Every structure is written in C-alpha cells, then in structure tokens.
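Have a look at the structure below, then the notes.
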Amino acid sequence: MTTEPRADPLIGRTISQYEVAAKLGGGGMGVVYSARDTKLGRLVALKFLPPQWSHDEGAKQRFVREAQAASATDHPNICTIHDIDQTDDGRLFIVMAYYEGQTLKQRLEEGPPPLEEAVEVAAQVAEGLAKAHSQGVVHRDIKP
C-alpha cells in the first residue's frame, strides 16, 4: 500500500499579504518559507513558529524576543526583520528579508571549502555574533 505524502498546508496560501511559495527549511524553533509580499512586490522569507508550540506562551514569547532582537540589530551578517504577525488561527510568524543563493549547509554538502573560503565564512559569522553579543543577545542555536 502506497500513501501519498501530505501536501504542506501553507504552500499556496495567502497569509496576511504574503503568498507562500515554497518551504526553505526548518528546525526546532521554526519552519521557513519563501513568499511574495503582494503589497510591495518583493520576495520575503516567513519563519513560522511550529504548530506544536503555538499554545505554549513561553515559546511564543521567545519567538517574539528573537524577532525583536534581530530587528534591533543592524548588521550585514544578520538577517533583516520586516515584521512579526500571526495567522488567523494564531500561529506566529516573522517576516524577514529573502536572500538569494546557496545556504552554508548546502555549500558544505558539496565538500570541504578551501581554507580561505572557510576563514572568510567563519569571520562573517563571528562578526554577526559579536554585533549581537554587543547588544546583549546570545545566540544558542548556531548551525549552517
């Protein structure tokens, strides 16, 4: 017996002013999608609090603090935050800048980078973290 994989219920939906296009990835504290901002005509990334955390007030507060901390930090190595909103059923999401190109995870799957490239990437990560730390933000989930 073969079962069809369940379609992602967010893909193809319009949430607020955002047409959700595709899932980009996810982790413990969020699932990220690409979307089109219908008001401004630009691509954005939407990070949704996972459904299992939607009724956990502590998780919701951490998610909001994440958005506030990132939006208060202006640095080229930290994602720009445009907004925070919620779906009609109360699911929180952060509206972020969408960046074209390959993720670090995808790059590393191709094999080890040359030393110069690895040092440059590590320096950029360190610069972003230093900026966040200077504003009292400690990032506890660094991954490619």
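The values are calculated or read from the model by the stated rules, or taken from the named source; none is laboratory data. Predicted model only: the values in this text are computed from it and were never measured. Every residue, glycine among them, receives a Cβ derived from its backbone with ideal geometry; neighbour counts consider all protein chains shown. In case anyone asks, the SASA skips ligands and DNA or RNA and just uses the protein heavy atoms, side chains included. Shrake-Rupley method; radii C 1.70, N 1.55, O 1.52, S 1.80 Å.
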Legend entry - Cross-link pairs beyond the 28 Å C-alpha cut-off, checked among Lys39/Lys143; Lys39/Lys105; Lys47/Lys105: Lys39/Lys143; Lys39/Lys105
Inset, instruction - Find how much the distance from Ala22 to Lys131 grows on full extension, using 0.36 nm per residue of separation minus their present alpha carbon separation; answer in nm with one decimal. - result: 36.2 nm
Inset, instruction - Could you pull the Rg and Dmax for region 1-109, using just the Cα atoms, both in Å? - result: 14.6, 53
Inset, instruction - Report the net charge of residues surrounding Gly27, where surrounding means a beta-carbon distance below 13 angstrom and charges are Lys +1, Arg +1, Asp -1, Glu -1. - result: +3
Legend entry - Simple label model, 7 Å out from Cα along Cβ direction - Ile11 to Glu100, nm: 2.2
Inset, instruction - List the equivalent ellipsoid semi-axes of region 55-144 in whole Å, largest first, each obtained as the square root of 5λ for an eigenvalue λ of the Cα gyration tensor. - result: 28, 16, 12
Legend entry - region 60-83 versus region 86-140: alpha-carbon centroid distance in Å: 12
Legend entry - Solvent-accessible surface (1.4 angstrom probe) belonging to Thr80, in square angstrom, nearest 10: 70
Legend entry - Two-site label geometry, Lys143 and Ala72: point separation in nm, points 7 Å out along Cα→Cβ: 2.6
Legend entry - Rounded tilt (10° steps) of 57-71 against the dominant C-alpha axis of the chain: 50
Legend entry - Backbone N under 19 Å from the Leu115 label point (7 Å along Cα→Cβ), restricted to region 128-144: none
Legend entry - Volume in Å³ per residue [convex hull over Cα atoms, computed for region 4-58]: 101
